[in-house]
1. Among TRP44, LEU210, VAL294, flag the residue with its Cα farthest along the positive direction of the charge dipole of the chain, charges on Cβ as +1 for Lys/Arg and -1 for Asp/Glu.
2. Could you work out the local net charge near TRP131, counting Lys and Arg as +1, Asp and Glu as -1, over the other residues with Cβ closer than 13 Å to its Cβ?
3. If we count every other residue with Cβ under 15 angstrom of LEU215's Cβ, Lys/Arg +1 and Asp/Glu -1, where does the sum land?
4. What is the extension gain from ARG300 to VAL207, computed as 0.36 nm multiplied by their sequence separation minus the C-alpha to C-alpha distance, in nm to one decimal?
5. Work out how far the C-alpha atoms of the range 1-198 reach from end to end along every principal axis, then list the three figures in whole Å, largest first.
6. Given 0.36 nm per residue, what is the gain on full extension from TYR167 to TRP218 after removing their alpha carbon distance, in nm?
7. Tell me, in nm to one decimal, what length is gained between ASN29 and ASN55 on full extension, where the rule is 0.36 nm per residue of separation less the Cα-Cα distance?
8. Taking springs between alpha-carbon atoms closer than 10 angstrom, which of ASN87, ASN220, ASN66 fluctuates most in the Gaussian network model of the chain?
Amino acid sequence: MRSPTQTMMGSRRLWLACGIGIIAGLLINVIHPNFDQALTDIGWAFQAARDLLANRDPYRHPVSPNLVPYPLTAAIVVMPWALLPDNLGIMLFFGGGSALLAYGLLRDGQYWRLIVFVSPSYVMAIKSIQWSPLLMAVFFFPMLAPLLLAKPTLALPVALTMRWNRYALIGTGVIVGLSLLVMPDWPVRWMAQIGQYQGFIPVFTWVGPLLLTSLFFWRNRQARIFLLMTITPQHYFFYDQLLLWMIPQTRRQMLVLTLIAWSGFLYVWQTHPTLWTSGPYMLGFIYLPALLIVLWQQARVQRGIALVMMRMRR
């Protein structure tokens with residue numbers, strides 16, 4: 001049986017997560033009151049789902065660097081919410097995903113993990129209504145694994161470090177099967193249109209060799225997440241890097257990563273006309289600090305092992 005204290009903490013965790021989800025959903029509507037009509041990011045998935053329901057071709061739109069289509073699995077994933085009118089479905093979908101992420105982050109009662117929600121990556125995810133907070137929630141709730149099919153470019157770090165179960169596998173297989181049943185040739189159609197994607201892969205940049213040092217600590221889950229992020233195609237607008245906030249394991253580490261990331265983001269925001277040029281700054285103000293945190297964690301582990309060995313010798 002759960003003690004009264006555990007019950008109270010569980011209730012507080014639930015209400016706090018729900019509050020974060022409600023705020024996120026409301027912010028979506030304030031920032032983008034008509035995002036359900038957009039053809040970018042989660043808006044594309046909603047439009048594609050409605051196209052399927054109306055027997056229209058979701059891949060009929062001209063592509064550009066600002067309009068790169070998602071796989072049809074994204075439309076299948078959001079289909080139940082796409083049935084709702086106007087922006088309501090997107091508000092509930094993104095807000096619900098944020099609530100689940102908050103609930104997962106609080107699993108050990110460590111409230112400092114909620115600093116994620118004031119990071120520049122989460123703020124930009126709200127501004128662009130991006131998938132990264134929902135993909136981050138998959139770390140804590142494997143049953144959400146079908147969400148990984150919505151944005152495969154960012155799925156690798158989650159898919160290879162999460163704890164898979166049969167429900168996750170079955171759900172993922174069902175979504176793939178439904179998408180092929182609805183439009184058998186969608187993979188070919190989609191692949192033919194993604195040439196306009198303009199992103200970068202961190203390991204192929206000027207700091208690539210340095211980032212690869214995380215390979216030496218592959219047994220550390222945070223190091224694996226970091227290494228997989230370095231080989232993942234991602235955009236220049238700070239939101240794809242949200243998964244790196246899984247790396248900090250203490251309040252101090254979380255604050256260090258968040259504050260340094262904000263300093264880099266604000267510098268780019270103030271000195272550059274567009275975030276398309278932010279690649280070097282994300283490397284310097286997000287990836288390098290995250291790597292240092294991985295090394296910091298490894299050093300603490302080594303110190304702990306050394307102390308244990310010393311006590312055993314005594």
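Rule-based calculations on the coordinates, nothing more; no lab input. Quick caveat: nothing in here was measured; it's all calculated off a predicted structure. Cβ: placed from backbone, ideal geometry, glycine included. Neighbour counts: every protein chain shown.
1. The Cα lying farthest towards the positive end belongs to VAL294.
2. Once positives and negatives cancel, what remains is -1.
3. +3
4. Additional length available on full extension: 31.0 nm.
5. Taking the Cα atoms of the range 1-198, the three principal extents are 56, 39, 31 Å.
6. Length gained between TYR167 and TRP218: 15.7 nm.
7. So the extension gain works out to 6.6 nm.
8. Among ASN87, ASN220, ASN66, the largest mean-square fluctuation in the Gaussian network model of the chain belongs to ASN66.
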